[in-house]
Structures are given as structure tokens and as C-alpha cells.
1. Considering the Cα trace of the chain, what is its radius of gyration and what is Dmax, both in angstroms?
2. Helix-only mean residue ellipticity at 222 nm, the chain, DSSP H runs n ≥ 4 weighted -39,500 (n - 2.57), per residue, nearest 500. What is it?
3. How far is helix 2-14 tilted, in degrees, relative to the longest principal axis of the Cα atoms in the chain, given as a value from 0 to 90 rounded to the nearest 10?
4. Contour minus end-to-end for Ala190 and Thr57, with contour as 0.36 nm per residue of separation and end-to-end as the Cα-Cα distance?
5. Compute the FRET efficiency between Thr79 and Ala37 as 1/(1 + (r/R0)^6), taking r as their Cβ-Cβ distance and R0 = 30 Å, and round to the nearest 0.05.
6. Order the peptides 192-203, 65-76 from the highest to the lowest mean number of other Cβ atoms within 10 Å of their residues.
7. Under a plain spin-label model, where a point goes 7 Å from the Cα along Cα-to-Cβ, how far apart in nm are Asp104 and Arg70?
8. Please report the carbon-and-sulfur percent of the accessible area for the chain; probe 1.4 Å, protein heavy atoms only, DNA, RNA and ligands left out.
Amino acid sequence: MRQTSWGVVLLLAAAPAAAGTLRGRVELVEKDGRKAADLTDAVVWVEGPKVKPRPSTATLTMKGKAFEPRVAVVPVGGTVAFPNEDPIFHNAFSVSGENRFDLDLYKKPKTGSWTFDHPGLVRVYCNIHPQMSAYVLVRDNPFWARPDAGGGFEIPDVPAGTWVLKAWHERTGEASQPVTVPERGAVEAALTLDASKWKRAPHKNKFGKDYEAGEKY
Ligand SMILES: [Cu+2]
């Protein structure tokens, strides 16, 4: 009897799930109405499907007083490494809600890392250099994509159903729209990100204070 039940469970697990491909294009409108030529720092993802993401990690290298790359996506439970390749101190930190962290000061050749346990956008800064910023998007399912330069993206194997498709770029915030994924085949979607009102805004250091003028390091 016990064996029969397990057999049924295995059969269900092996059955092909109804899932489709979500593909499309994201565009970004600049201040002058021009379309951005490079969308590779945008992220597109699907909210709603309850599917555990595959484990993965990312690396944001601190080099030349900048994070490289500046945008990473990891699943919930994913770890991001922050190697410092500069001979000067950096202090990567974030005060983004439950994903807040503080790696404190270290310089080349040290590496700090942080494991992100909550979905959401994490704004990463350096407590020494206000010009350093990066973003980690933490997702609770595997259905996300980084667009190519032209904005094209494809997300395969999305469970059939009506979900919310979102796009984000650091200069725009989020764009979102409902999308219905078919049981097989593909659905097309187009999203527009509006950067026309974007202004570079100063941020606070890890103590919630303004950065002091003049770098000490
Ligand atoms: Cu720094």
C-alpha cells in the first residue's frame, strides 16, 4: 500500500506541467523621448508562480571605486560575493529592509559576502564612496530574465496562468502588467520603462547621515 502511494506521487511529479514561454521586449524612454540603446541593466520577472528558484550566486566586484557589474539577480537564499580589487578600503552595505547588511571595511585581496533571504530590491552602497552603487534583485521564483541590449527577453517554462510581469531599471522604478501564460506555446509582452523624470538623488551612509565632503581613503 505504501509503495503504491509513492508510485502515484512519482507519476505526478514526472507529469509535464502546463507551461508556456513568455517572450517580449522592454524599452526605456529617456528624458528627451529617445529610446535607450542598451537595456542590459534592466531586469524582467514574473510575480505569482509558486515555484522554488534554482540556487545560484553572483559576484559584484568593487574595482575602480565602482561595483562591477552594477545589477545582479539572485534567488532567495542566494549569496553575493563582494571582492575588493582596489588597494583602498570599501564598505559595502545596504539598509534595504530585511535584506540590510554591512560588510564593514576591507581592501584587496579580501572578499566579503552576504546571503539574501528575502525577496525584493536591495540597494547596495559603499559607506566610504557615495558614488558607488549597485542593485541586487532577490526573487522567490526562477522566472526572470536580463534583456539583451535591444530589450528582447525570453522566460521559458512559466506555469500556465495569469501573473504579473514586471520590469525594472535603476533609473525608472518598476513597470508592470498582467500577463496570461498559455498551457503550451508562447505569449508576447511589451513593457515600457519611463526614465523621463529621473534625477540623480543623493543617498545616506550606513548611519543614515550625509556623506562627509572629501574622501578619507
Ligand atoms: Cu568604496
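1. Expressed in Å, the Cα Rg and Dmax of the chain come to 20.2, 74.
2. Values: 1 runs with 13 residues, N = 217.
Result for the chain, helices only: -2000 deg cm²/dmol.
3. Here the helix axis deviates by roughly 60 degrees.
4. Values: separation 133, 0.36 × 133 = 47.88 nm, distance 2.85 nm.
Fully extending the segment from Ala190 to Thr57 adds 45.0 nm.
5. Numbers: r = 33 Å, r/R0 = 1.09.
With R0 = 30 Å, the Cβ-Cβ based efficiency is 0.35.
6. In descending order of packing, they fall as 65-76, 192-203.
7. 3.0
8. Numbers: 6600 of 12270 Å².
C and S atoms contribute 54 percent here.
The values are calculated or read from the model by the stated rules, or taken from the named source; none is laboratory data. The structure presented is a predicted model; accordingly, all values stated were derived computationally and were not measured. Positions of Cβ are generated from backbone atoms using ideal geometry, with glycine treated the same way; all protein chains shown enter the neighbour counts. Heavy atoms of the whole protein, side chains included, go into the accessibility calculation; ligands, DNA and RNA do not. Shrake-Rupley method; radii C 1.70, N 1.55, O 1.52, S 1.80 Å.
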